[in-house]
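**Student:** Just dropping this structure here.
Just so you know, all these numbers are worked out from the coordinates, no wet-lab data involved. If you're wondering where the values come from, they're calculated on a predicted model, not measured in any experiment. Every residue, glycine as well, gets a Cβ built from its backbone with ideal geometry; the counts of neighbours run over all protein chains shown.
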Amino acid sequence: MTTTIRPRRSMLYIPGDKARALEKARGLACDAIIFDLEDAVSPENKGLARETIAQAVAAGGYGECELILRVGGDAVAEDFALANTLAIHGILLPKVERPETVIAVAAKTNHPIWCMIETPMGVLRAAEIAGASDRLAGFVAGTNDLAKELRARHTPDRTPLLTSLSLMLLAARAYGLAAIDGVHLDLDDLAGLEDVCRQGVALGFDGKSLVHPNSIEIANRAFAPQPAEIERARAMVAAWEEARAQGLGVARIGGAMVEQLHVDEATRLLALAEAIARRAA
């Protein structure tokens, strides 16, 4: 269902019961905020978290930031009831393992639906989940839970998770969905965060989920089109338009062949760069 080009370089989780953090988030440069009602909030604070989120969303001030509510826990029906009163852009479901979960949620809310893929079964059924509803907006990788379920080691190059990440990404792209990479564990390891962000870009992810504001700038920079990419994309589009004007079906740039598929990707990249520039203006 994702047709509009929207920057999703950085998606920041904020515990729903942290009013001060929700207030500070209004001044952050993240592309999306995930109001968290799941693991980040203790069971006894769920009611407070719902009230705090409702007040924060009603007060507004988040600008162009995409607002998503992560539901979860024993009282998930109350989370959906809250979601249906909020002016948000989506609902994030934890630990989705079956397409039936998406279908059931689509009947409960009109909001776009995001799915966390964070278990082996979720990975293996990712394609079925991705095709479950045209209300689905994207996948978010839950790499910490996934590593636990796989009994995998946390390594700097994330080799133990690459198969799972690739399967998730394949399913998302097959159905035109957004795909967001998982959280980097070590909040003090900013160099390591840069490395995994570059890896996420290379794999094809749209952005990174984060748990601390100090990660936003790194994710935004990594997942934004780079100046050389933008320059080349513009050259591709210009060369293609010139070739088409001459009745040709291909173009050349510096000896490289340019076809429609290259132009489509160049056009997408330029639209993303423009959307990011509008946000920064």
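**Student:** Once each part is reduced to its C-alpha centroid, what is the distance from the range 142-205 to the range 58-102 in angstrom?
**Tutor:** So the two Cα centres are separated by 23 Å.
**Student:** For each of SER215, SER166, count neighbouring Cβ atoms within 10 Å of the residue's Cβ, then give the residues from fewest to most. Numbers along the way, then the final one.
**Tutor:** Numbers: SER215 22, SER166 13.
Placing the least packed residue first, the sequence is SER166, SER215.
**Student:** So which GluC sites (Glu not before Pro) in the range 177-281 are both in a DSSP loop and have at most 16 other Cβ atoms within 10 Å of their Cβ?
**Tutor:** Of the GluC sites (Glu not before Pro), the ones in loops of the range 177-281 whose Cβ has at most 16 other Cβ atoms within 10 Å are GLU259.
**Student:** Continuing with the same structure: Pop the C-beta distance of ALA54 and ALA127 into the FRET formula with R0 = 35 Å and round what comes out to the nearest 0.05.
**Tutor:** For ALA54 and ALA127, the calculated efficiency is 0.50.
**Student:** Determine which residues of the range 195-215 fall in the zone a paramagnetic label at ASP157 would reach in this model, i.e. backbone nitrogen under 19 Å from the point 7 Å along Cα→Cβ.
**Tutor:** 195-204
**Student:** Would you mind ranking ILE117, ILE253, ILE91 by Cβ crowding within 10 Å, fewest neighbours first? Walk me through the numbers on the way to the answer.
**Tutor:** On the way: ILE117 32, ILE253 14, ILE91 25.
In order of increasing Cβ crowding within 10 Å: ILE253, ILE91, ILE117.
**Student:** While we're here: Determine, for ASP195, ASP264, the number of other Cβ atoms within 10 Å of each Cβ, and report the residues in order from fewest to most.
**Tutor:** ASP264, ASP195
**Student:** So, one more: Just subtract the alpha-carbon distance of ALA238 and ASP39 from 0.36 nm times their residue separation and send over the number in nm, one decimal.
**Tutor:** 66.7 nm
**Student:** Once the Cβ-Cβ distance between LEU190 and ALA245 is put in as r, and R0 is 35 Å, what FRET efficiency do you end up with, to the nearest 0.05? The partial results should precede the final answer.
**Tutor:** Working: r = 48 Å, r/R0 = 1.36.
Efficiency, from the Cβ-Cβ distance: 0.15.
**Student:** SER166 to PHE80: extension gain in nm, 0.36 nm per residue of separation minus the Cα-Cα distance?
**Tutor:** Gain on stretching SER166 to PHE80: 27.9 nm.
**Student:** With the calculation restricted to Cα positions, what are the radius of gyration and Dmax of the chain in angstrom?
**Tutor:** Just the Cα atoms of the chain yield Rg and Dmax of 19.7, 69 Å.
**Student:** Given labels modelled 7 Å from the Cα in the Cβ direction, how far is it in nm from LEU261 to THR4?
**Tutor:** Taking the two extended label points, one gets 3.0 nm.
**Student:** Shifting gears a bit: On a 0 to 90° scale, report how tilted helix 227-245 is relative to the longest principal axis of the chain, with both axes built from alpha carbons and the result rounded to the nearest 10.
**Tutor:** 50
**Student:** Just to confirm the number: angle between the C-alpha axis of helix 46-59 and the first principal axis of the chain, 0 to 90 degrees, nearest 10?
**Tutor:** The helix 46-59 is inclined about 50 degrees to the chain.
**Student:** Rounded to the nearest 20 debye, what is the charge dipole size of the chain about its Cα centre when +1 sits on each Lys and Arg Cβ and -1 on each Asp and Glu Cβ?
**Tutor:** 340
**Student:** Same structure, new question: Taking the Cα centre of the chain as the origin and placing charges on Cβ (Lys, Arg +1; Asp, Glu -1), which of SER42, ILE88, GLN226 is farthest toward the positive end of the dipole?
**Tutor:** GLN226
**Student:** Another question, if that's okay. Given N residues in the range 24-140, what is its alpha carbon radius of gyration divided by 2.2 N^0.38 Å?
**Tutor:** Working: Rg = 14.1 Å, N = 117, 2.2 N^0.38 = 13.4 Å.
Compactness ratio reported: 1.05.
**Student:** Before anything else, pin down the relative contact order of the range 227-280: Cα pairs under 8 Å, at least 6 apart, normalised by residue count, whole percent.
**Tutor:** That works out to 37 percent.
**Student:** Between ALA29 and ARG98, take the C-beta separation as r, use R0 = 45 Å, and let me know the FRET efficiency to the nearest 0.05. Write down the numbers at each step before the final one.
**Tutor:** Details: r = 36 Å, r/R0 = 0.80.
It comes out at approximately 0.80.
**Student:** Still on this structure: For n ≥ 4 DSSP H runs only, could you compute -39500 (n - 2.57) per run for the chain, divide by its residues and tell me the 222 nm figure to the nearest 500?
**Tutor:** Helices in the chain give a 222 nm mean residue ellipticity of -14000 deg cm²/dmol.
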